[in-house]
1. Would you order 254, 131, 106 from fewest to most other beta-carbon atoms within 10 Å of each residue's own beta-carbon?
2. Quick one: net charge of residue 141's neighbours, Cβ under 12 Å, K/R +1, D/E -1?
3. Shape call for segment 33-304 from the C-alpha gyration tensor, a ≥ b ≥ c root eigenvalues: rounded (a/c under 1.5), prolate (a/b greater than b/c) or oblate?
4. Would you mind ranking 220, 240, 165 by Cβ crowding within 10 Å, fewest neighbours first?
5. Amide H to amide H under 5 Å from residue 272: which residues, 5+ apart in sequence or cross-chain, H placed 1.01 Å off N in plane?
6. Tell me, 225, 103, 219, 184 in order of fewest to most beta-carbon neighbours within 10 Å?
Amino acid sequence: MATQISEPVAVAEAGAVVDRIRVSVPARGLRHDLRAVGIVWRRELIRFRTDRLRAITSLVQPFLFLFILGTGLSRLAGGSLPHSGAFDFKTFIYPGVLAMSVLFTSIFSAGSIVWDREFGFLREILVAPVSRAAIVVGKCLGGATIATFQGVIFLCLAWFAHVPYNPVLILSLVGMLLLLSFTLTAFGVMMAARITQFQAFMALTQMLVMPLFFLSGALYPLNGLPAWLTVLTRIDPLTYVVGPMRHVVFSHLSLPPFAAAAISARLAPTITWAGWAVPLWLSLGIVAVMGLVMMAIGIAEFSKTE
């Protein structure tokens, strides 16, 4: 004779099963999200370590700009530079090329989001019991770390641009590179949050990255420009890093006092807003705020992602 199970007993057993399933899902919390940030950060480092070709090719363009373009422009601009006998044009473009060494790496690190979306890996991350903010923060920190490492490699070549290996100078440049890398990665994450095809992301970055570089004053001083070009340079976030980097580099050059003053006034003018000189700390603060705002936009966009 079959044993009949009463309805209350069946409901109780079903409830017990549901309770066991709920217990198996870890609860969200700050500690859990920090662990997720660390996992996403480590994943970015592992991907970069296994892709040696990417690490090499990302340094090719800065090499070309510094040693080929820098040498060629030295002959063209040598006569117009103040005290050109005591100054090399490669020293002038070195801070801009140093910023360039982290520019492409930061943007392309964020582009891996589109790649993960195309191959379905992003969906597995998004269904994990972690906040979308933890994923975006981990991505930004991972891209910033990788790009800063690339910049440090290029920083080792400072001697070829007649930039001294001063500890204060090196630490200052590394800090600025880290800040710039974070902001650029956040910019890339913001763009990649809603793009579904990697080709579209590459086309968009090519349309935006090079104007960001050329408008930053990496290859020319930001004084005596037309009004329309001055406005464009002031809304470029790279401007507020390249300028302080060049100022720090010039302050550590071994030049005669009269030559240093003339060169700084001509080639490293202070960034101004309608005649008001922007302090260095405010320039770097602007870059940090831009990075945080773009990261917040990226988090908001990811929250809408299905």
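Since every read-out is calculated from the coordinates, none of them should be taken as a lab result. Since the structure is predicted, the reported quantities are computational estimates derived from the model, not experimental observations. Glycine also receives a Cβ, built like all others from the backbone with ideal geometry; neighbour counts cover every protein chain displayed.
1. 254, 131, 106
2. Neighbour charge sum, excluding residue 141 itself: +2.
3. prolate
4. Final ranking by Cβ density, sparse to dense: 165, 220, 240.
5. The list, which skips near neighbours in sequence, is 278.
6. 225, 219, 103, 184
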